[in-house]
């Protein structure tokens, strides 16, 4: 039981980190793709648009990982 609890805590930490990273990637992508696009090269603009897609993807995966960690915590109790 203790091993499952530690595993759930590590999963929760990784999920939180992935969610924060997803939000930061999304914000960085929005800034690069829509706010500073006149100052960037075309390759940087394309990368910024890719971040607009990858950021929410990381956020969603982190959220699912968080749900799994909460489920593990409830089952261990």
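FYI, it's all coordinate maths here, none of it is from the lab. Note that the coordinates shown come from a computational prediction; the quantities given were computed from them, not determined experimentally. Cβ sites come from the backbone with ideal geometry, for glycine too, and all protein chains shown count toward neighbours.
If you check 54, 25, 67, 59, which single one turns out to be assigned to a helix (DSSP H, G or I), surrounded by 17 or more Cβ atoms within 10 Å (Cβ to Cβ) and without any contact (Cβ under 8 Å) to a residue 40 or more places away in the chain?
So the residue among 54, 25, 67, 59 that is assigned to a helix (DSSP H, G or I), surrounded by 17 or more Cβ atoms within 10 Å (Cβ to Cβ) and without any contact (Cβ under 8 Å) to a residue 40 or more places away in the chain is 25.
What residue, of 14, 33, is crowded, with 16+ Cβ neighbours inside 10 Å and not in a loop (DSSP other than H, G, I, E, B)?
Result: 33 is the single residue among 14, 33 that is crowded, with 16+ Cβ neighbours inside 10 Å and not in a loop (DSSP other than H, G, I, E, B).
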